Amino acid sequence: MMTDNGAAVDLVVRGGTVATERWHGPADIWVSGAVVRAIVDRGTPLPDGSAPRVVDAAGKLVLPGGVDPHCHVGFTSGAFTTLDDYAQATTAAVHGGTTTIVDFAIPRPGGVPLDTARAQRDKASAGFCDSALHACVIEWDDSMPDQLDTLVEEGIVTVKMFTTYRGETMANADTLHRVIKHLGRIGGMAVIHCEANHIVEGAQGDCAAGPGIDPHHHHHSRPEIAETASVAELIAMAESTGAPIYFVHQSTAAAVDLVADARRRGVAAFTESVVHHLVLDETVYDGPDAELYVCCPPLRPRSAVTELQRRVFSGEVSTIGSDHCCYDTAQKRTTDDVRDMPNGLPGVETRLPVFFSEFVIGLGLSLERFVQLTASNPARLNGIYPQKGTISPGSDADLVIWDPTLSREVRIDDLHMATDYTPYEGRVVTGWPVTTIVRGNVVVEDGAFAAGDPIGRHVVAQGPSLALC
Ligand code: URP
Ligand code: ZN
Ligand code: ZN
């Protein structure tokens, strides 16, 4: 009944191949309460008198639960709000093998970042997995230093800012610089969406005056150079202030290379890529459902996708997110003008299976790097490692039993996201989670939802770990 350190073993994951970012091999995992107690040789006898619940992982992988560093829940932008709440978003997350989401607390124009973050944090308990938060600043004022200090003290250590979306979330250069600098002083980190708005608006104007500003021209209305220009400016802000910086959804090799070069100079700068930029390309904008793929930055040419994929292998990409935005087809079809259309794609449930299928099965990415990109590094950079993102004694028992041989066609009817489409409809994906465990609770078992009441908790971050493996 007791392990060597005296805690009861309540749950055993038996007979699987455990994979972390450092190794993979046969092992059993003993869980006590909400945490991992031990990783032991397969078949190690349990302490006398133990009668734990046994999860059979024979023939399967056992991975740390995924950490999605970029997930919008109930997000309002302009006239549109994404359709899921915490219960729905996390139900989808756990069916896709993700056990922690990092959501955004984005104020409406004029809103107070600290109040917005506290209100969003209170929603975590409605979830079926855990969640952390990025706060968001739109405009600097005299209250901002105190607000940022309080956010970091309360365990919300990352702050998102946007260089685009004028009138909604766009921050000006002064705000960006002050927030980056202040966060650097207090142990936080800025998280930036980079597209130079003047270049975007110029390109949008050219599209509107010429070929069109409908979804078929979306990719021309937000050119790659807008991203590159903005990343260069933001790196200069981080470098000149000695502060860390994290770039969300980088979609081009040029942008990633700027970050990698900065890192080589000693800047704590990091790249997040999201699955749709690594898998899909701009040819979808020629198709009949172009609006369903409208996201910012837009999908890029196949040659750019290939270059971005290479940077996943060469180590320049640090994390893989979903940028989950749960709009449905009706919302996407409200207007034909991409400037007024809700942008973003649903993806919290498909992030891990699609990335595993394309990169591990399709391109030979190692299991260790898969875990690092999708769980360990997102946890580190969000200040929640090693509580999240790894399997080691004392870590939360967030575990995914993963069948690497299961091939299934993606169909929205089989998914749990609160929308009526997926950008991956019809794609055959190999590698799916079968059982998901959150802090020792089995929430998905053999593909079926097995949770009772919500168990979600807000995860208090400690400050980003900037030394990646
Ligand atoms: O198109 C996107 N990515 N929409 C969601 C908001 C954002 O920019 O992350
Ligand atoms: Zn963004
Ligand atoms: Zn986003």
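Taking the range 23-49 as the range and being assigned to a loop (DSSP other than H, G, I, E, B) and open to solvent by 30 Å² or more (accessible area, probe 1.4 Å) as the test, the residues that pass are Trp23, Gly33, Ala34, Asp41, Arg42, Gly43, Thr44, Pro45, Leu46, Asp48, Gly49.
Elements of the type helices (runs of 4 or more DSSP H) sitting completely within the range 227-339 and holding at least 1 residues that are among the charged types (D, E, K, R): these cover 253-264, 302-313, 329-332. Val410 passes every criterion in (1) of a type outside the set (Lys, Arg); (2) over 22 Å from Val442 (Cβ atoms); (3) under 18 Å from the mean Cα position of the chain (by Cα); (4) not assigned by TED's automatic domain parsing to the domain that holds His249 apart from (3).
State whether the residues of the range 79-102 include one that is within 15 Å of ligand 3 (Cβ to nearest atom), under 18 Å from Asp396 (Cβ atoms) and not assigned by TED's automatic domain parsing to the domain that holds Val443. Within the range 79-102 (the criterion being within 15 Å of ligand 3 (Cβ to nearest atom), under 18 Å from Asp396 (Cβ atoms) and not assigned by TED's automatic domain parsing to the domain that holds Val443), the answer is yes, since at least one residue qualifies. If the condition is being without any contact (Cβ under 8 Å) to a residue 60 or more places away in the chain and within 16 Å of ligand 2 (Cβ to nearest atom), then the range 137-166 contributes Val137, Ile138, Val159, Met161, Phe162, Arg166.
Is there a residue being charged (D, E, K, R), within 16 Å of ligand 1 (Cβ to nearest atom) and surrounded by fewer than 22 Cβ atoms within 10 Å (Cβ to Cβ) anywhere in the range 265-278?
Applying the first criterion (charged (D, E, K, R)) to the range 265-278 yields 265, 272.
Remaining after also requiring within 16 Å of ligand 1 (Cβ to nearest atom): 272.
Next, only the ones that are surrounded by fewer than 22 Cβ atoms within 10 Å (Cβ to Cβ) stay: none.
No, the range 265-278 contains no residue that is charged (D, E, K, R), within 16 Å of ligand 1 (Cβ to nearest atom) and surrounded by fewer than 22 Cβ atoms within 10 Å (Cβ to Cβ).
Once the range 125-134 is narrowed to residues that are under 16 Å from the mean Cα position of the chain (by Cα) and among the aliphatic types (A, V, I, L, M), the residue that is farthest from Tyr385 (Cα to Cα) is Leu133.
Does Pro113 satisfy the criteria of being farther than 30 Å from Val410 by Cα, crowded, with 22+ Cβ neighbours inside 10 Å and not basic (Lys, Arg)? Here the answer is yes, as Pro113 does meet what is asked. Looking only at residues in the range 149-197 that are open to solvent by 50 Å² or more (accessible area, probe 1.4 Å), more than 18 Å from Thr228 (Cα to Cα) and outside any helix (DSSP H, G or I), the one that is farthest from ligand 3 (Cβ to nearest atom) is Glu154. Within the range 94-110, the set of residues being open to solvent by less than 20 Å² (accessible area, probe 1.4 Å) and in contact with a helix residue (DSSP H, G or I) (Cβ under 9 Å, 6 or more places away or on another chain) comprises Gly96, Gly97, Thr98, Thr99, Thr100, Ile101, Val102, Asp103, Phe104, Ala105, Pro107. Considering only the range 198-220, state which residues are touching a Pro at 6+ places or on another chain (Cβ under 8 Å) and either surrounded by fewer than 17 Cβ atoms within 10 Å (Cβ to Cβ) or closer than 19 Å to Thr283 by Cβ (or both). Answer for the range 198-220, where residues must be touching a Pro at 6+ places or on another chain (Cβ under 8 Å) and either surrounded by fewer than 17 Cβ atoms within 10 Å (Cβ to Cβ) or closer than 19 Å to Thr283 by Cβ (or both): His217, His218, His219, His220. Output the number of the condition that Ile106 fails; it satisfies all remaining conditions of (1) within 16 Å of ligand 2 (Cβ to nearest atom); (2) in a strand (DSSP E or B). (2) is the only condition that Ile106 fails. Note on the range 349-440: enclosed helices (runs of 4 or more DSSP H) holding 2 or more residues that are open to solvent by 10 Å² or more (accessible area, probe 1.4 Å) are 367-371. Just one of the numbered conditions (1) of a type in the set (D, E, K, R); (2) farther than 25 Å from Gly447 by Cα; (3) within 16 Å of ligand 1 (Cβ to nearest atom) is not true of Asp68: (2).
The values are calculated or read from the model by the stated rules, or taken from the named source; none is laboratory data. A quick note: this is a predicted structure, and the numbers were derived from the prediction, not measured. Positions of Cβ are backbone-derived with ideal geometry, glycine not excepted, and every protein chain shown enters the neighbour counts. Quick note on the areas: whole protein, heavy atoms, side chains included, nothing else; ligands and nucleic acids left out. Shrake-Rupley method; radii C 1.70, N 1.55, O 1.52, S 1.80 Å.
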